[in-house]
Each structure stands twice: as C-alpha cells, then as structure tokens.
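Below: one structure, written as structure tokens.
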Amino acid sequence: MARISYDQPTADAFKAVREVPRDGLREWREAVRRHLQPSPGMTLADIGAGTGAYSAAFSDWFGIDVVAIEPSTAMREQIPRTPAIRVLEGDAAALPLPADSADAGWLSLVIHHIPDLEAAAHEIRRVLRPGAPVLIRQGYRDRYQPLGELGLDGVEIVRWFPETARIIDTFPPLESTLAAFAAAGFHPQALDQGRYTSPLSLAEFLAQVDTLRRADTTLRGLTDEEFLRGKERLRRAVEQERAGAAEHDRSNWLDLLVLR
Ligand SMILES: C[S@@+](CC[C@H](N)C(=O)[O-])C[C@H]1O[C@@H](n2cnc3c(N)ncnc32)[C@H](O)[C@@H]1O
C-alpha cells in the first residue's frame, strides 16, 4: 500500500505538474548515462514508473527498451505507449518479469512507498541479470544539511514548506536503504548528488502549487494551516521577484544511488 492513493485525481495532477520538464534534467541525463552505459538492445525495468516520465526519457535519450512497472491503474494509463516501452501492472515486491531478464533497474521517488524494502530488493535481484545496476533517485534525510530546525535545504518544497521535513523524516534513510539492498546481495557503487533546475518561474510554481499538493506525498502530509503558510511565503517571494528585489533558486537536489 503506497503512502497516498494514486487514484485518478492524483494521477491527473501528477501528469499535469509533477513531471519534471526535460529541460531541467540535463545533469540527470548525464549522471544516468554514466552509470547505465546504455547500449542498443538493453532493457531497463522502471519500477514504480508512475506516469512514465523517466521511461519515456530513457527510451528517447538512450534508445533502450523499457519495461514500465506500476501498481496504480490511473498512473499506468498515463504512461506513453511506444514500441520501446512495455507497460505492466506490478509491484516492487512482485515484479512481472522472469529471472535474469533486465539489464538495469530504476526507482525514482518510490522507495518510501514500498512497505518491505528488503523483500523488494530481493525481487529486484531476481529479475536483474548478474552484475546489472540498480539506480535509485531519492532524497534521504541523513544526506542533507540541516536548515534551521526543520529543513532539508536542497529540496525546494522544504524551502517553502518547511514542515514537509516532518514527512521526509519518515522515509527510509540512506543507511537502511543500503542495508535492505545489501541483504539481497547488492553492493553500493556510487552515490552522486543530482540537481535539476525547473525552467518554470516561481510565479508559475505558485500557480501550480494547489494541484501539486494533490500529487505530492510530502505536501499531502501538511495541515491546511501549514500549507497556507507556505503558500503565503511563496506569494511574498513572487512579489519580491516582480519588484526586482530578489531572485529565488528553483533547483532541487536528490541522490542517485547506484548498486550492483
Ligand atoms: C512519487 S511517484 C514516482 C513516479 C515516477 N517514478 C517518477 O519519478 O515520476 C511514486 C510511484 O510509486 C508507485 N508505487 C507505490 N507503491 C509501490 C510499490 N510497492 N511498488 C512499486 N511502485 C509503487 C506509485 O503508484 C507511484 O506511481
């Protein structure tokens, strides 16, 4: 059971505002290329593929085949169907793939939804060919510099809505993630910090934030009062920008953990 229900309104909101524009992913593209070393004929399993933003990006960027595995029907229906993307219903702990059938695994912002990460790691080990990498895109609270009392200053949503740190605090930290994958025989190969910078303005972000709340686990965990306080912070920042008094950073840092 995921932390939030990925029902139709959530899937629609996710598709509308949570897919990161490709323009903002240049650094991620190069980081993934470095670790994946894509070659024609390679098959990547995108586990918890959501609306398929990364499935589509990887098949377009690298010319590889992707199996997009996603438990929510509403999310799955949004995944683009192309000859290079196979879309399957499935869960990280029960992958609909034969043993030794994939050349890489990708999990983006999924591990906090998986109830038994060690069981999932064993299942991922089963479907990956020996030596194939698993790439995990995630934020870990034990990797960020504290910002004041609450914050994780690399994550934009935490900069405007500091109480979201309370929800991130309940996500699996890096240490337990490494332990779960080690139990399944995976060894860490790399831990890179990856940045994406949204090409949208802060005013555009403010205009989207109510929709974003429907599709984001951390914003959904806030009280209405906490959300409105953050929105007011954002509104004031947009006014500052309009007056030329400040320019606010739209970058976000997450980790790319690579294991084999
Ligand atoms: C925050 S979304 C990320 C979607 C996509 N990976 C991305 O980065 O755009 C989390 C996704 O994980 C899926 N999910 C939830 N529980 C899961 C599980 N146990 N196994 C695999 N996927 C799961 C959800 O249905 C949802 O689509």
Give segment 93-120 a look and list any residue that's closer than 13 Å to VAL67 by Cα and either near the ligand (Cβ under 7 Å from one of its atoms) or touching a Lys or Arg at 6+ places or on another chain (Cβ under 8 Å) (or both), or say none. LEU95, SER101, ALA102, ASP103, TRP106, LEU107
Candidates ALA13, ALA94, ALA49, ALA99, filtered to the one that is of a type in the set (Gly, Ala, Ser) and touching a residue at least 60 places away in the same chain (Cβ under 8 Å): ALA13
Kindly check whether there is at least one residue in segment 188-210 that is over 17 Å from the mean Cα position of the chain (by Cα), of a type in the set (S, T, N, Q) and in a strand (DSSP E or B). yes
Can you report the number of residues in segment 70-91 which are within 12 Å of the ligand (Cβ to nearest atom), free of Cβ contacts under 8 Å to residues at least 40 places away in the same chain and of a type in the set (Ser, Thr, Tyr)? 1
All conditions in (1) surrounded by 15 or more Cβ atoms within 10 Å (Cβ to Cβ); (2) touching a helix residue (DSSP H, G or I) at 6+ places or on another chain (Cβ under 7 Å) are true of GLY185 except (1)
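Do we find a residue being more than 27 Å from ARG126 (Cβ to Cβ) and of a type outside the set (D, E, K, R) anywhere in segment 78-95? Before you say what the answer is, go through the steps one by one.
Start the filter on segment 78-95 by keeping residues that are more than 27 Å from ARG126 (Cβ to Cβ), which leaves 78, 80.
Pick out the ones that are also of a type outside the set (D, E, K, R) and you get 78, 80.
Checked segment 78-95: at least one residue is more than 27 Å from ARG126 (Cβ to Cβ) and of a type outside the set (D, E, K, R).
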For segment 48-67, name all the residues that are in contact with a helix residue (DSSP H, G or I) (Cβ under 7 Å, 6 or more places away or on another chain) and near the ligand (Cβ under 9 Å from one of its atoms). GLY48, ALA49, GLY50, THR51
ASP255 passes all but one of the listed conditions (1) away from the ligand (no atom under 15 Å from the Cβ); (2) of a type in the set (Asp, Glu); (3) touching a strand residue (DSSP E or B) at 6+ places or on another chain (Cβ under 9 Å); the exception is number (1)
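Would you say ARG166 is part of a helix (DSSP H, G or I), over 20 Å from ARG18 (Cα atoms) and among the basic types (Lys, Arg)?
Yes: the conditions hold for ARG166.
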Where residues in segment 213-260 are β-branched (Val, Ile, Thr) and outside any helix (DSSP H, G or I), which of them is nearest to the chain's Cα centre (by Cα)? VAL258
Quickly run through segment 1-37 and pick out the residues that are among the acidic types (Asp, Glu), buried (at least 16 other Cβ atoms within 10 Å of the Cβ) and in a loop (DSSP other than H, G, I, E, B). GLU19
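Could you tell me whether any residue of segment 76-89 is under 14 Å from the mean Cα position of the chain (by Cα), more than 29 Å from ASP210 (Cβ to Cβ), buried (at least 19 other Cβ atoms within 10 Å of the Cβ) and among the aliphatic types (A, V, I, L, M)?
First pass over segment 76-89, keeping only residues under 14 Å from the mean Cα position of the chain (by Cα): none.
Within segment 76-89, not a single residue is under 14 Å from the mean Cα position of the chain (by Cα), more than 29 Å from ASP210 (Cβ to Cβ), buried (at least 19 other Cβ atoms within 10 Å of the Cβ) and among the aliphatic types (A, V, I, L, M).
FYI, it's all coordinate maths here, none of it is from the lab. If you're wondering where the values come from, they're calculated on a predicted model, not measured in any experiment. Positions of Cβ are generated from backbone atoms using ideal geometry, with glycine treated the same way; all protein chains shown enter the neighbour counts.
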